[in-house]
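The values are calculated or read from the model by the stated rules, or taken from the named source; none is laboratory data. Source: prediction; values computed, not measured. Reconstructed Cβ throughout: ideal geometry from the backbone, glycine too, with neighbour counts over all protein chains shown. Areas reflect the complete protein model, heavy atoms only, side chains present, ligands, DNA and RNA absent. Shrake-Rupley method; radii C 1.70, N 1.55, O 1.52, S 1.80 Å.
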Amino acid sequence: VCRDPRWGRCYESYSEDHRIVQQLTEIINGLQGEAKTDMKGMPYVNGKTKVAGSSKHYVGDGGTVKGINENNTIVDDSALYGMHMAAYVNSVAKGIATIMASYSSINGVKMHAHKQLLTDYLKGKLGFKGFIISDWEGIDRITSPAHSNYSYSIQASINAGIDMVMVPYNYTEFYDGLIDLVKKNAIPMSRIDDAVSRILRVKFAMGLFENPLGDYSLINEVGSQKHRELARQAVRKSLVLLKNGKPGNPPILPLPKNAGKIVVAGSHANNLGYQCGGWTIEWQGVSGNNWTAGTTILDGIKATVDKRTKVVYKKKPSDTYSSKGKMDYGIVVVGEVPYAETNGDSQNLTIPAPGPAVIENVCKETKCVVIIVSGRPVVIEPYVDKIDALVAAWLPGSEGQGVADVLFGDYGFTGKLARTWFKRVDQLPMNYGDPKYDPLFPFGFGLETKPIPSTKKPEL
C-alpha cells in the first residue's frame, strides 16, 4: 500500500487505498488457480499450468518515512493492521504459497528479525502454512553496516520465522553458520523442522515431486497475439484522462483521425523500454526498441490515423519549431526514465529534462495532448494551464497501440486514479481521507469520453 509516491517501488503497489490492494489479490487465483473453499492458510497450486505466488513485501514497506526504500515505517496498530496488513489477510485466505519479508522496519524493528509479526501474527494468528522467504541479502541488512555480524543475522532471522533464505552469492557461509548455530542450540531444531515442513508443503502443493521439471507445452503462448490483445485492452482501461480542454473551450479528445498534420514529440513517444519501466529485461529497465516485441505509442498513432494524415516525430523540438509550419495537433509523450527499488527514490518527482521544455515548446502555439508515462504521479501542476488535454498513461508496457486506441476514439477513456495526484512535493505524504487534502487531482478522479461510433468490436 504505497502511501508516498517518492518511494521507488510505488509502481509495484496497486493503490494508496488498501481496499483496492485487497481487491487485486485476485491475481493469486490467476497465478495459483482458484481454491474451492477458504484454504485456512494452506498453500494451493492447481496443476502444472499454475505457479506458486508470493505476496510481498511483508509488511508496511509502502509506508516508510519520506518514501525512502528500506526505511522505517512509523505506524500505530490501527494503520498497521487495518491498512498495511489487510491484503495479506486476503492472500492467506486465498492459499498464497509464499510471503516475502520486507527490507524495511516497523517502528524501528527490521522485518527480517520481527518475530512478533512473522511468527506470532502471520503464522500464528493468520494461520499461514506456506513459507516465508527472505529478500535478496535481506538477512545481511538486519545489521548496519550490512553483513557486519552475519552469525547474529542468521540467528535473528531464522528464530524470527524466516523459512527460506535468499543468499545470492556466498551460500556456504550461510550454510556453515546455520549448522553451527543449531549445534550450539542458538537455533532450536524445532525451528528447522518447521521451516523444512513449510517448504516441503509448498513443493507438494506444486506437484514438484511428481513433475520436477518445467513444463514447456505452453511456451508458444508466451507473447502470443491473444495475450498481446489482452495487454492492449489493459492499457486502454488503465489510462486516466486528467484534463480535456481549456476552460471555456470544448474538449479536444478524442482527436480526429483525419487531421492534416500531427506532431508527436518527446522522449517517451518512441521508446518501448521507457514504456515498460523497471524490472523489464534488466533490473533497472532499458531504453530503446530492440529488446522485446511491442508497439510504441508513436507506432500506435501512425497505425490509427487516416492514411492522408501527416505524422511528424520530433523527439526534442526547438522552441521555434511550432512556428516553422502549421500543425493541427501536438502530442507530447514524456515522463520518467526506468528505475527499480532505491534507484527510483525521488524527493522532487520532477519530469526529467527535456520533458518540461518539450511541453512548453509544443503547447504554446498549437492544441496539445500531453501523455505522462510514469510509475506514479509526478510534478505536472506548473504546466497544466498550458496543456489542452492531459493523460496519465502509467507504464503501458509493450502495447502502445492501446494508447492510440483511446486518443482517437476507438474506445472511451474510463480509468480512475488509484492514487492522489499531488500539486507540490511539500504536500507529501498526502492521501485520500487526510485532514489536509488539497490535491491537483483527487483519488478516484478520471474524466470519461465516449467512443466514436465505428465497426470496432466491443470489449471482451
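Points worth noting:
- Label-to-label distance, nm, for residues given as residue 49 and residue 426 (7 Å Cα→Cβ offset): 5.7
- Matching label, P(r) over Cα pairs in 20 Å bins from 0, in percent computed from the structure shown, candidates (1) 22, 50, 24, 3, 0; (2) 20, 50, 27, 2; (3) 22, 55, 21, 2: (1)
- Given charges at beta-carbon only (K, R positive; D, E negative), |dipole| of the chain in Debye: 1320
- Zone residues, the stretch 423-445, relative to residue 385, backbone N less than 19 Å from point 7 Å out along Cα-to-Cβ: 423-425, 439-441
- Net charge of neighbours whose Cβ lies under 10 Å from the Cβ of residue 304, counting Lys and Arg as +1 and Asp and Glu as -1: -2
- The dipole here belongs to the stretch 345-460: it is taken about the Cα centre, uses +1 on the Cβ of Lys and Arg and -1 on the Cβ of Asp and Glu, and is about 140 debye.
- Take every pair of alpha-carbon atoms less than 8 Å apart whose residues are at least six positions apart; their mean separation over the length of the chain yields a relative contact order of 16 percent.
- Residue 348-residue 438 pseudo-label distance in nm [points 7 Å out on the Cα-to-Cβ vector]: 2.3
- Gained length - residue 448 relative to residue 201, 0.36 nm times residue gap less alpha-carbon distance: 84.1 nm
- Sites residue 120 and residue 166, calculated FRET efficiency, Cβ-Cβ separation with R0 22 Å, nearest 0.05: 0.45
- Unsatisfied cross-links (Cα-Cα over 19 Å) in the set 257/310; 257/386; 40/94; 94/125; 237/423; 367/416: 257/386; 237/423; 367/416
- Linear extension gain, residue 31 paired with residue 179, 0.36 nm per residue minus alpha-carbon span: 49.8 nm
- In a DSSP loop and with at most 16 other Cβ atoms within 10 Å, the GluC sites (Glu not before Pro) in the stretch 287-393 are 365.
- Local electrostatic count, residue 44, Cβ distance below 12 Å [Lys/Arg +1, Asp/Glu -1]: +4
- Exceeding the 31 Å Cα-Cα cut-off - candidates 302/450; 36/226; 129/436: 129/436
- Solvent-accessible surface (1.4 angstrom probe) belonging to residue 21, in square angstrom, nearest 10: 20
- Rounded, prolate or oblate (a/c below 1.5 giving rounded, otherwise prolate when a/b exceeds b/c) for the stretch 225-441 by Cα gyration tensor: rounded
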